[in-house]
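The structure under discussion appears below in the form of structure tokens.
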């Protein structure tokens with residue numbers, strides 16, 4: 001499977017594709033990490049806010065929408081956030097009390113958003 005990511009640019013537009021990491025100098029001439037999403041090898045990469053970058057889990061919800069790291073989902077009346085932990089994707093309550101392997105619930109869950117605003121393609 002090819003790794004797929006998404007990230008949001010400064011205009012609020014989501015970009016999907018390969019993640020390209022780099023660095024550049026900030027206004028104080030200090031190096032800082034930067035992230036770009038490249039749609040394909042034939043397209044230029046788009047700068048995205050590193051905080052909004054999330055990896056596609058390889059799983060879809062019950063409506064066949066792609067589930068990404070940091071997505072907020074509902075399952076059995078619970079609101080959960082998708083996280084990467086210990087080599088796998090998990091769905092956790094925001095207070096970290098409940099933790100479920102995403103593979104066990106993805107087809108019964110529904111995406112309702114993420115901390116950075118709507119992220120799903122129509």
Report summary line: Inside region 25-42, the number of residues satisfying the requirement of being farther than 18 Å from residue 53 by Cα, assigned to a loop (DSSP other than H, G, I, E, B) and touching a strand residue (DSSP E or B) at 6+ places or on another chain (Cβ under 7 Å) is 1
Query raised in the report: Do we have any residue at all in region 9-24 that's touching a residue at least 40 places away in the same chain (Cβ under 8 Å), surrounded by fewer than 17 Cβ atoms within 10 Å (Cβ to Cβ) and either assigned to a loop (DSSP other than H, G, I, E, B) or in contact with a helix residue (DSSP H, G or I) (Cβ under 9 Å, 6 or more places away or on another chain) (or both)?
Result: yes
Query - Residues of region 50-64 classified as surrounded by fewer than 16 Cβ atoms within 10 Å (Cβ to Cβ), at negative phi, free of Cβ contacts under 8 Å to residues at least 60 places away in the same chain and out of contact with any helix residue (DSSP H, G or I) (no Cβ under 6 Å at 6 or more places or on another chain), total - result: 3
Report summary line: For region 104-120, the count of residues that are out of contact with any strand residue (DSSP E or B) (no Cβ under 7 Å at 6 or more places or on another chain) and modelled with pLDDT of 95 or more equals 2
**Report entry** Test for residue 92: is it touching a strand residue (DSSP E or B) at 6+ places or on another chain (Cβ under 8 Å) and over 22 Å from residue 11 (Cα atoms)
**Finding:** yes
**Report entry** Residue identified as in contact with a helix residue (DSSP H, G or I) (Cβ under 8 Å, 6 or more places away or on another chain), farther than 18 Å from residue 4 by Cα and either in contact (Cβ under 8 Å) with a residue 12 or more places away in the chain or surrounded by 14 or more Cβ atoms within 10 Å (Cβ to Cβ) (or both) among 35, 91
**Finding:** 91
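The values are calculated or read from the model by the stated rules, or taken from the named source; none is laboratory data. Note that the structure is a prediction, hence the values are computed from the model and not measured. Cβ: placed from backbone, ideal geometry, glycine included. Neighbour counts: every protein chain shown.
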